[in-house]
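Engineer: Here it is: the structure, laid out below.
The values are calculated or read from the model by the stated rules, or taken from the named source; none is laboratory data. Keep in mind that what you see is a predicted model, and the values were worked out from it rather than measured. In this analysis, Cβ positions are derived from the backbone assuming ideal geometry, glycine residues included, and neighbour counts consider all displayed protein chains. Quick note on the areas: whole protein, heavy atoms, side chains included, nothing else; ligands and nucleic acids left out. Shrake-Rupley method; radii C 1.70, N 1.55, O 1.52, S 1.80 Å.
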Amino acid sequence: MTKRLLAPLLAAVLLSGCWGARNIDHIVYIHAVGIDYQDGKFVLYVQLVSFSGLAKVEAGGAREQAALSVGKATAETFDLAAHKIYQSIQQMVSWGHVKSIVFTKRALQPHVIRNTIDLLTRYNEIRHTIWVYATDEPLEQLFRATPLLLTSSYYSLLSNPEELFRQSSFIRPIRLNRFIAHLDEPAMTARLPYLGLTKTSWTEDEKNKTMLQLQGVCFLHHYKLQACARFPEAKGIRWVEQDIHRTPLAIRKEGKIAATLIVRSPHAEWTLKRDNGKYTAHLHVRIDGNIIEEANDSLSRNELVRLAKQTVKQEIRRTYQWGASRGIDTLNLSAVFHRNALHEWRRLSVNGTIPLNDRFLPSISVDLIIRSGGKEKADYRVGD
């Protein structure tokens, strides 16, 4: 009798079970983290996301108003601020679903960035592939800007920048691991997407809707913020950046829009030439474009190509010269010298950056292929 009872009892004890499992709605999931720095202290913001409504939509249910909560805590370090969040949140916290981290411009200081990165890379729940942004907006307002049509913040620009980038490519989104690599590279200038808020572009239920908007790029070198540029000054970056999928090119004649091209996958190639012991850099850009609209029907195809090439060159030079006047290597020309002419880079560089003047970027050449003219097919291959 004893043996009969012993076997079931022993099996019950040895069987593994989900004794420590928690329901999804019993855990608080942090979706985005914001870092501000005021009066020598870290100001930590966290955006919480609810998966309950998200699951209903994906299962075919009706869409509900997406719940959104934002927490805030201030302390001497990131970790101490996080523990202050724990004291008032009243539920178990999971950091495993963090999608992005946003720094304010005043938080982009070397010791703040290093402290934040050190903690993020030590903590096992946070992935090294989260997206990184900069902003000058109040972080609480930024985190309360939800997508349209009652969509969860899980699908916002903070967590899904690649979808927008594939459709309209200007500033390449950057993940934490790549951001760290660029900061640690001696000749590299890290380019951080710059977020803002637009309050007049959209309405929802006849009320103005505040929306996230990518407004430019911030440049950092050796963990230090140099400056932030808006789109007009930063447009030239897209012609030298990798993985540009689709970007519009507005062609002007006499100050008016003459045509619009959609450019796909531009390719930039740097060449260093040595003449009389001095190096110069040459940039060659190859682009394919489709004509989307023509406002000037009298514009010949050769003139259209000429104006398009001229526009690309002007954008690159404007971005380069905007940075050069501020000591910022916007096109990462120093990294080109570091990879291809290390001795020259060591001789010329100051704090990792070579002198930024027109001597080091004397020529830009552009090859343009217009593959489609809309209603009519075209194949215009015109080089310099």
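Engineer: For segment 115-172, which GluC sites (Glu not before Pro) are in a loop by DSSP, counting at most 14 other Cβ atoms within 10 Å?
Structural biologist: Answer in residue order: 125.
Engineer: If you don't mind, another one. Using Cα-Cα distances under 8 Å and only pairs 6 or more residues apart, what relative contact order does the chain have, in percent? Write out the running numbers ahead of the final one.
Structural biologist: Working: 714 pairs, mean separation 43.8, N = 384.
In percent, rounded to a whole number, it is 11.
Engineer: What is the gain in length, in nm to one decimal, between residue 129 and residue 318 on full extension, counting 0.36 nm per residue of separation less the C-alpha to C-alpha distance? All intermediate terms of the calculation are to be shown ahead of the outcome.
Structural biologist: Working: separation 189, 0.36 × 189 = 68.04 nm, distance 3.20 nm.
Additional length available on full extension: 64.8 nm.
Engineer: Now, a different point. Which pairs break 22 Å Cα to Cα here: 84/199; 41/105; 199/256? Don't skip to the answer; put the middle values down first.
Structural biologist: Details: 84/199 32 Å; 41/105 15 Å; 199/256 28 Å.
Long pairs (Cα-Cα over 22 Å): 84/199; 199/256.
Engineer: Grab the DSSP H runs of the chain that are 4 residues or longer, score each as -39,500 (n - 2.57), total them, divide by all residues and round the 222 nm result to the nearest 500 deg cm²/dmol.
Structural biologist: -8500 deg cm²/dmol
Engineer: Once Lys and Arg get +1 and Asp and Glu get -1 on their Cβ, which of 171, 138, 345 lies farthest toward the positive end of the dipole of the chain?
Structural biologist: Highest projection toward the positive end goes to 345.
Engineer: Work out, step by step, the length gained on full extension between residue 144 and residue 342: first 0.36 nm times the residue separation, then minus their alpha carbon distance; give nm to one decimal.
Structural biologist: Full extension from residue 144 to residue 342 adds 66.6 nm.
Engineer: Once you put a point 7 Å from the Cα of residue 257 and another 7 Å from the Cα of residue 38, both along the Cβ direction, what distance in nm separates them?
Structural biologist: 4.0
Engineer: For residue 178 and residue 276, what does the FRET efficiency come to when R0 = 41 Å and r is the distance between their Cβ atoms, rounded to the nearest 0.05?
Structural biologist: Efficiency, from the Cβ-Cβ distance: 0.60.
Engineer: With a/c under 1.5 counting as rounded, go ahead and sort segment 106-242 into rounded, prolate or oblate using the C-alpha gyration tensor (a ≥ b ≥ c being the square roots of the eigenvalues; past the cut-off, prolate if a/b is larger than b/c, else oblate).
Structural biologist: Details: a/c = 1.84, a/b = 1.43, b/c = 1.28.
It is prolate, given that a/c is not under 1.5 and a/b is the larger ratio.
Engineer: Taking 22 Å as R0, compute the FRET efficiency from the Cβ-Cβ separation of residue 367 and residue 302 and round it to 0.05.
Structural biologist: Once rounded, the FRET efficiency stands at 0.95.
Engineer: What dipole magnitude, in Debye to the nearest 20, does the chain give about its Cα centre under +1 on Lys/Arg Cβ and -1 on Asp/Glu Cβ?
Structural biologist: Details: 51 positive and 38 negative charges, 125 e Å.
The calculation lands at about 600 debye.
Engineer: Right, something else. Considering only protein heavy atoms, what per residue accessible area in square angstrom results for segment 62-159 with a 1.4 angstrom probe?
Structural biologist: On a per-residue basis, 50 Å².
Engineer: Estimate the FRET efficiency between residue 83 and residue 213 by the formula 1/(1 + (r/R0)^6), using the beta-carbon distance for r and 35 Å for R0, to the nearest 0.05.
Structural biologist: Computed FRET efficiency for residue 83 and residue 213: 0.55.
Engineer: Could you work out the longest stretch of the chain that avoids the chymotrypsin sites (Phe, Trp or Tyr not before Pro) located in DSSP loops with at most 15 other Cβ atoms within 10 Å?
Structural biologist: 124-384
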